[in-house]
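I have placed the structure first, in the form of structure tokens, so that the comments after it can refer back to it.
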There are 4 protein chains.
Amino acid sequence: MEYTNKHYEEVRKAQQKAYAPYSGFKVGAYLITKDGRTFHGANVENAAYPSCICAERSALVAAISEGYRPGDFESITITVDSPSLASPCGPCRQVLKELCDDEMPVYMTNQTGEMRASTVDQLLPYGFSGKDL
Amino acid sequence: MEYTNKHYEEVRKAQQKAYAPYSGFKVGAYLITKDGRTFHGANVENAAYPSCICAERSALVAAISEGYRPGDFESITITVDSPSLASPCGPCRQVLKELCDDEMPVYMTNQTGEMRASTVDQLLPYGFSGKDL
Amino acid sequence: MEYTNKHYEEVRKAQQKAYAPYSGFKVGAYLITKDGRTFHGANVENAAYPSCICAERSALVAAISEGYRPGDFESITITVDSPSLASPCGPCRQVLKELCDDEMPVYMTNQTGEMRASTVDQLLPYGFSGKDL
Amino acid sequence: MEYTNKHYEEVRKAQQKAYAPYSGFKVGAYLITKDGRTFHGANVENAAYPSCICAERSALVAAISEGYRPGDFESITITVDSPSLASPCGPCRQVLKELCDDEMPVYMTNQTGEMRASTVDQLLPYGFSGKDL
């Protein structure tokens, strides 16, 4: 399925649920499964910064907790309130690597609706996975 | 609301959704909001162990991503496939501290249905919070 | 060994090495091994907040990387630039639980030199450990 | 400075200090500063897997805790006990992005001494940094 306005509308709704009192930097994620279910994800901050959790991971663990398994995902779209295009942090890329197909699209958007498409594999080249253990 | 058999039945269902191919240690969480909504959480492991995410946090970030806010939670129940009673790890206690009332009950169960009740504050004494920043 | 002025002097030196451009909240740790070696630890922040690392863990992993093993530690002292006494976050308590004796003292200080002593076990009651796996 | 046998010898020494009782997967890191100081890093595991810390981060936070600052590093070499070449996990790439020059070499080796060179920027394309906040 191609990226559409619907992706952007939904990810902006997800972003509004962010709990970001420390950075003020609200992030949203919109995850679609191959069987058409959708999940919103928002960042969940913590006074102890290392315990913050990002929007991408929030959406992915919500889906796994509903019974979805690695490989069940079609795309993820992310957004921020900034002119910079959203970009997953390293930990989120590692979780995407574990749970999503290497070729799954990651749509990175910004506050004005611009979009750059990448893939899980492009975002974590030579990515560490279960094959390396 | 008191702890009941329903809590245990639900947390065991949540646990079945765990993705734990590395440890084989499946954990489930069952989160109830004050307005009666419930969330399942399961642990989501990763070949890169530091990128694993626990059941308790999975349930909590799913709830925040649906619009719930700190203080909206009534209780969390957790379980493991072991005779030991489930116990939240340090990072989960930090996230509970941020998002839940200090007196919120944490029900820790095991594979045979035993239960020990504690609270967020008891599990993280002198807990670090936004007041310390 | 009892807590002395030397502990406080050293932990304040450690704190000055903090890299905390995002929170401005500088934390220091001073770790002593049973054979008398000492390690400074400072918090190391990251633009992606979940990738921040705390002072306590910085000191502990530095010691392990020099060959020290779980149980080799005598005490840890921590400090902050605040009137609140420093308190380890949940993730740091989990790492202390793994690497230190349950009765090891944790000395929590503040900017004016007040101190509260606790232990690893008191800070993580019913702590999750390898025995629970 | 070019990659030499010395890098490999040192990173193999670092690896021997790994504390990896849960995965059995020992990782080593060898960090060199621009002014010629060197740091060993080893992975430090935890019964609660999300609280594990990798070799690369162990070396980097040790250096910051000794007073080094972002940009002070010349190269990092990593190794594993596997025929696969070591590859930094996502969280380590995020910490490298924060603390090291984009063009800093990352030397990835394996148990037989093979090596692949990359850079911080190549390992985290479109990397999230303080400029995006």
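The values are calculated or read from the model by the stated rules, or taken from the named source; none is laboratory data. Quick caveat, the model's predicted, so the values are computed rather than measured. With ideal geometry, Cβ positions are generated from the backbone for all residues, glycine too; neighbour counts draw on all protein chains shown. Note: accessible area is taken over every heavy atom of the protein model, side chains too, but ligands, DNA and RNA are not part of it. Shrake-Rupley method; radii C 1.70, N 1.55, O 1.52, S 1.80 Å.
Here is the link list: A:LYS17/D:LYS97; B:LYS26/C:LYS97; C:LYS13/D:LYS26; D:LYS13/D:LYS34. Which ones come out longer than 24 Å on Cα distance?
Working: A:LYS17/D:LYS97 28 Å; B:LYS26/C:LYS97 21 Å; C:LYS13/D:LYS26 32 Å; D:LYS13/D:LYS34 21 Å.
Result: A:LYS17/D:LYS97; C:LYS13/D:LYS26 exceed 24 Å.
Sorted shortest first, the distances from the D:THR38 label point to those of the same residue in the other copies are 2.7, 5.5, 5.9 nm; each point sits 7 Å from Cα along Cα-to-Cβ. Partner shielding of B:29-41 amounts to 1, given as the average count of beta-carbon atoms from other chains within 10 Å of each residue beta-carbon. Computed with a 1.4 Å probe over protein heavy atoms only, the accessible area of C:THR79 comes to about 0 Å². Candidates D:PRO91, D:TYR49, D:LEU123 compared by Cα position along the dipole of region D:5-123: farthest toward the positive end lies D:TYR49, with charges placed on Cβ.
Once the 1.4 Å probe is applied to the protein heavy atoms, chain A comes out at 35 Å² accessible per residue. Summing charges over all other residues whose Cβ lies under 9 Å from the Cβ of A:GLY90, with Lys and Arg as +1 and Asp and Glu as -1, gives +3.
Taking the Cα centre as origin and putting +1 on Lys and Arg beta-carbons and -1 on Asp and Glu beta-carbons, what dipole magnitude results for chain A, to the nearest 20 debye?
Working: 13 positive and 17 negative charges, 67 e Å.
Computed about the Cα centre, the dipole is about 320 debye.
Among B:LYS26, C:LYS34, C:LYS17, the order of accessible area from largest down is C:LYS34, B:LYS26, C:LYS17, computed with a 1.4 Å probe on protein heavy atoms.
Here the spin labels are modelled as points 7 Å beyond Cα on the Cα-Cβ line, and at A:ASP72 and B:ASP72 they lie 2.3 nm apart. Between region C:2-38 and region D:1-78, the C-alpha centres lie 21 angstrom from each other. Inter-copy label distances for B:GLU2: 5.2, 6.0, 7.8 nm (label point placed 7 Å from Cα along Cα→Cβ; shortest first). In the complete set of protein chains, residue-level accessible area for A:GLU66 is approximately 90 Å², probe 1.4 angstrom. Ordering A:SER118, C:SER23 by accessible surface, largest first, gives C:SER23, A:SER118; the 1.4 Å probe counts only protein heavy atoms, with every chain in place.
From the square roots a ≥ b ≥ c of the eigenvalues of the alpha-carbon gyration tensor of chain D, which class results: rounded (a/c under 1.5), prolate (a/b over b/c), or oblate? Note, shape of chain D comes out rounded.
How large a share of the accessible area of the protein assembly as shown, in percent, is made up of carbon and sulfur atoms when the probe is 1.4 Å and the other protein chains stay in place? C and S fraction of accessible area: 46 percent.
Within region B:43-72, what residues put their amide N at less than 14 Å from the label point 7 Å along the Cα-to-Cβ vector of A:GLN16? The answer is B:66-68.
Based on DSSP, what percent of beta bridges with both residues in region B:67-123 are antiparallel, to the nearest 5?
Numbers: 5 of 8 bridges.
If we restrict to bridges inside region B:67-123, about 60 percent are antiparallel.
When all protein chains stay in place and ligands, DNA and RNA are ignored, the 1.4 Å accessible-area order of B:ARG12, C:ARG69, D:ARG93, largest first, is C:ARG69, B:ARG12, D:ARG93. Across identical copies of the chain, A:GLN111 has label-point separations of 3.1, 5.2, 5.2 nm, listed in ascending order, with the point defined 7 angstrom from Cα along Cα→Cβ.
The mean count of C-beta atoms from other chains within 10 Å of the C-beta of residues in C:80-89, rounded to a whole number, is 5. Chain D contacts chain C over a buried accessible area of about 2600 Å², both sides summed; the probe is 1.4 Å and only protein chains count. Between the beta carbons of A:MET1 and A:GLN111, assuming R0 = 30 Å, the FRET efficiency works out to 0.80 to the nearest 0.05.
What does DSSP give for chain A in terms of the percent of beta bridges that are antiparallel, rounded to the nearest 5? Once the DSSP bridges in chain A are tallied, antiparallel ones form about 80 percent. Axis between C and D by rotation; chain C residue with nearest Cβ and distance in whole Å recorded as C:ALA62, 2. Solvent-accessible area of B:MET108, all protein chains in place: 0 Å² (probe radius 1.4 Å, heavy atoms, ligands and nucleic acids excluded).
Antiparallel beta bridges, as assigned by DSSP with both residues in the protein assembly as shown, represent about 80 percent of the total such bridges.
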